[in-house]
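Student: Structure provided below as structure tokens; questions to follow.
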Amino acid sequence: MNNADDEPADPNQPGRHTFGSYKDIVCEYGWNNYQLESRQNAENSSLVNYILSKDGKVIYEDSHSAANFPNGNGLKVFVSSPNYGAASLFHVRNFYVEILKDFCDEEITCAANSICESGNYTCTCNAGYSGSCENVDCLVDSYCDDIDECGGIVNPCGNSTCENTEGSYSCPCQTGFNHDGDNCVDVDECDLDSPCPDFSTCNNIPSTFECGCIVGYVTPYVNETCRGFDACDGFECFDEDECAFDVCGENTICTNSAGSYSCNCVEGFQLRGNECNDIDECTPDSGPCPDFSTCENAVPSFGCFCQAGFDGGFCIGNECTNFTCPDIDECASGTHLCEGLCLNTVGHYTCSCP
Ligand SMILES: [Ca+2]
Ligand SMILES: [Ca+2]
Ligand SMILES: [Ca+2]
Ligand SMILES: [Ca+2]
């Protein structure tokens, strides 16, 4: 059957084009990159069919086998002839080829998270997504799902945490670490923020930092140190009153000061080594005691005792300032034992006959 009277295939029109001497134009798709041409064989008058590229290059010629048709690349070849495969092209009547125009200009609805690629006639999943969308058929019931990059054996984040996100993933560092390229390195909070209060030191440690009072200062906190911003919020260091404790030892006076304290010996004691020992005021000689008295050391302090024949008695410590031991005039006081004349002397007296 010859359909020569049919409307000839216009290679510049969208359509479905039939090979051979039959033309079955159904305008559905675009005619864009290829042309169809039928030429008569000079020897036997048979028709030879060609698919030509736009620049005239023969892509398909005189084939009885649809398997040789260049499916893909915008061509879809269909064979519906019951005589397909016969020797003569005349018997191959209902070959037709659909040539798609710009794929993405069609009313193409690609799956969510995919993009239409005109040159490949596909919808391709966006980066970070994968799914069933690999060819034209993907338009129906296709999908592009987020790739869980963190779910594989290899951690794309190296030594840091992998966090899957929609369409991508991230590699957040743990708290207290910052990115340095691909690595997570500890943040030196002490260097950046001075997060510790007065009278404390800041110690940077992996993932956090620690505040501790300097020597001489204490905190009312249960722990002597705090760790991290939350725990150190409100952390304070106060001067320690060391004198509230027996830090100086015996015979001392403790004096508290900001960040420290001092120990002094009480009066009558002096520091020897780390101890306050009694001062032996009577060494050397008689020490602070006046003439005609005997010095006796005591703990603390000392005493001056007037010798026999001298008045004044005794004094203890500070009482001995200006203390004297005056001679007793036994002759005048009548305490002498002379039967004759009495002659007073320093510290005693003498008797003589009248
Ligand atoms: Ca992801
Ligand atoms: Ca740190
Ligand atoms: Ca103190
Ligand atoms: Ca003494």
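The values are calculated or read from the model by the stated rules, or taken from the named source; none is laboratory data. Just so it is clear, the structure is predicted and the values come from calculations on it, not from any experiment. Don't worry about glycine lacking a Cβ; one is built from the backbone with ideal geometry, like all the others, and counts go over all protein chains shown. Surface areas here come from the heavy atoms of the whole protein model, side chains and all, with no ligands, DNA or RNA. Shrake-Rupley method; radii C 1.70, N 1.55, O 1.52, S 1.80 Å.
Student: Would you pick out the residues in the range 300-351 that are open to solvent by less than 90 Å² (accessible area, probe 1.4 Å), hydroxyl-bearing (Ser, Thr, Tyr) and either under 30 Å from ASP278 (Cα atoms) or modelled with pLDDT of 90 or more (or both)?
Tutor: Scanning the range 300-351 gives SER301, THR324, THR345, TYR349, THR350.
Student: Is it fair to say PHE199 is open to solvent by 40 Å² or more (accessible area, probe 1.4 Å) and either within 16 Å of ligand 3 (Cβ to nearest atom) or of a type in the set (Ser, Thr, Tyr) (or both)?
Tutor: Against the criterion (open to solvent by 40 Å² or more (accessible area, probe 1.4 Å) and either within 16 Å of ligand 3 (Cβ to nearest atom) or of a type in the set (Ser, Thr, Tyr) (or both)), PHE199 qualifies.
Student: Would you confirm, using the coordinates I've provided, whether ASN344 is under 30 Å from VAL218 (Cα atoms), in contact (Cβ under 8 Å) with a residue 12 or more places away in the chain and not assigned by TED's automatic domain parsing to the domain that holds PHE199?
Tutor: no
Student: I'd like the residue in the range 211-223 that is over 24 Å from the mean Cα position of the chain (by Cα) and in a loop (DSSP other than H, G, I, E, B) and, out of all such residues, is nearest to VAL299 (Cα to Cα).
Tutor: GLY216
Student: Residues in the range 171-182 that are exposed (fewer than 14 other Cβ atoms within 10 Å of the Cβ), part of a strand (DSSP E or B) and touching a strand residue (DSSP E or B) at 6+ places or on another chain (Cβ under 9 Å): how many?
Tutor: Adding up the residues that qualify gives 2.
Student: Just the residues that are assigned to a loop (DSSP other than H, G, I, E, B) and near ligand 1 (Cβ under 9 Å from one of its atoms), please, taken from the range 148-170.
Tutor: Selection gives ASP148, GLU166, GLY167.
Student: Kindly indicate whether CYS213 is outside the structural domain of PRO300 (by TED's automatic domain parsing) and within 16 Å of ligand 3 (Cβ to nearest atom).
Tutor: yes
Student: Just for the range 183-208: of the residues that are part of a strand (DSSP E or B) and among the polar types (S, T, N, Q), which one is farthest from CYS237 (Cα to Cα)?
Tutor: Residue satisfying both the conditions and the ranking: ASN183.
Student: Would you tally the residues in the range 215-226 being open to solvent by 90 Å² or more (accessible area, probe 1.4 Å) and either within 16 Å of ligand 1 (Cβ to nearest atom) or of a type in the set (S, T, N, Q) (or both)?
Tutor: 1
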